[in-house]
Amino acid sequence: MPDTLPRPLPLNPRHIPGIYNYCDRWCERCIATDRCRLHADEAALKATTMPGGHEDPWQIVTAGLDDALAKVAATRWAHVFADIDPPSEAELQQSMRDEDRRDERMRVHPVVHAAEVYRQLVEQWIETETGLFQREGDEAAKRAEAGTPREEVEWEVEQLREAVEVIRHFMYPIHAKLRRAVHPRIPPPELDVEVDSLQNDTNGSAKVALIGIDRSLLAWRQLQRRWPSSATLAVMRDSLESLRQLVEAEFPDARRFLRVGFDTGDLEPPC
Ligand code: SF4
């Protein structure tokens, strides 16, 4: 199997190279924080912004990335670029025009368009439905006052809060990952580099989007259980279900993509 995906080299031997490429970027809930170079870099960055820390915190991240990129370029990609002359000014201008045209084509691709529609629907829903949750909080307080056990009321509210948090977390990554998955399929073609038919960036990006879609669908169902007659919730869920079907059809192998660390058995089960 050709190894075509660039992987930063680990400085810490426990770090799993590239684990952050196809994760859900929900670090607060991630089971792999101690195996992730990106998380370590971000933690170091935060630590240096504390009083008395490093004067230029970005140096830590950029120095680490520069180091990794230099090694990647020297080892894995050298053969790709060895015979390529630097582009002329005219070629650079043409490339920028091509990329603008490509962006236009990408915006009307059915998958990207559906993801954009879903994202906008959620944004509007978050703006307009805040009153719904305010009322829910008031009703929960009344139920508790009327004698419903406090734990029961808190659990119900927590379920709704969690559902909204999941929807909010994934609304942007779903769109971003699908743009990335679709990008190589929009002409003009990218560099003629051999790509594995399954373990490629398109399938990896589509898989992460599908994970976000699956979890968001469960969250919408959770909200529908609380408000079963809500036409708005039905529209949101239908929109996301349609998107899921489009993604499954466009990237039929995506779910078989193995995400390093998460799908390859490198992580110890949580205690
Ligand atoms: S692998 Fe986990 S810790 Fe690392 S960036 Fe992704 S979510 Fe965050």
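None of the figures in this text is laboratory data; all of them are computed from the coordinates on show. Keep in mind the model is a prediction, meaning the values are calculated, not measured. Note: ideal-geometry Cβ built from the backbone for every residue, glycine included; neighbour counts use all protein chains shown.
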Original post:
Can you list the residues of the range 146-173 with backbone N under 12 Å from a point 7 Å past the Cα of ILE126, pointing along Cα to Cβ?
Top reply: 164-173
**OP:** Check cross-link reach from LYS46 to the aspartates and glutamates: straight Cα distance under 13 Å, and skip same-chain residues fewer than eight apart.
**Re:** GLU55, ASP56
Original post:
For SER95, SER88, SER205, what's the fewest-to-most ordering of other Cβ within 10 Å of each Cβ?
Top reply: SER88, SER95, SER205
Original post:
Using the beta-carbon distance between LEU218 and GLU91 and R0 = 41 Å, what value does 1/(1 + (r/R0)^6) give for FRET efficiency, to the nearest 0.05?
Top reply: 0.30
Original post:
What FRET efficiency would be calculated for the residue pair GLN245, ALA146, taking the C-beta separation as r and a Förster radius of 30 Å, to the nearest 0.05?
Top reply: 0.10
Original post:
What order do you get for MET171, MET236, MET96, MET106 when you list them from fewest to most C-beta neighbours inside 10 Å?
Top reply: MET96, MET106, MET171, MET236
**OP:** Using DSSP to define loop residues, name the GluC sites (Glu not before Pro) in the range 167-242 whose beta-carbon has at most 16 other beta-carbon atoms within 10 Å.
**Re:** GLU190, GLU194
**OP:** For ARG161 and ASP138, calculate 0.36 nm times their separation in residues minus their Cα-Cα distance, and state this gained length in nm to one decimal.
**Re:** 6.9 nm
**OP:** State, to one decimal in nm, how far the label point of ARG14 lies from the label point of ALA176, with both points 7 Å from Cα in the Cβ direction.
**Re:** 2.7
**OP:** Just rank PHE257, PHE170, PHE133, fewest to most, by other beta-carbon atoms within 10 angstrom.
**Re:** PHE133, PHE257, PHE170
Original post:
Which distance in nm do the two modelled labels at VAL235 and ARG29 give, with both placed 7 Å along the Cα-to-Cβ direction?
Top reply: 2.6
Subject >> Label point 7 Å beyond Cα of GLU99 along Cβ direction - residues of the range 191-220 with amide nitrogen under 15 Å >> reply: 191
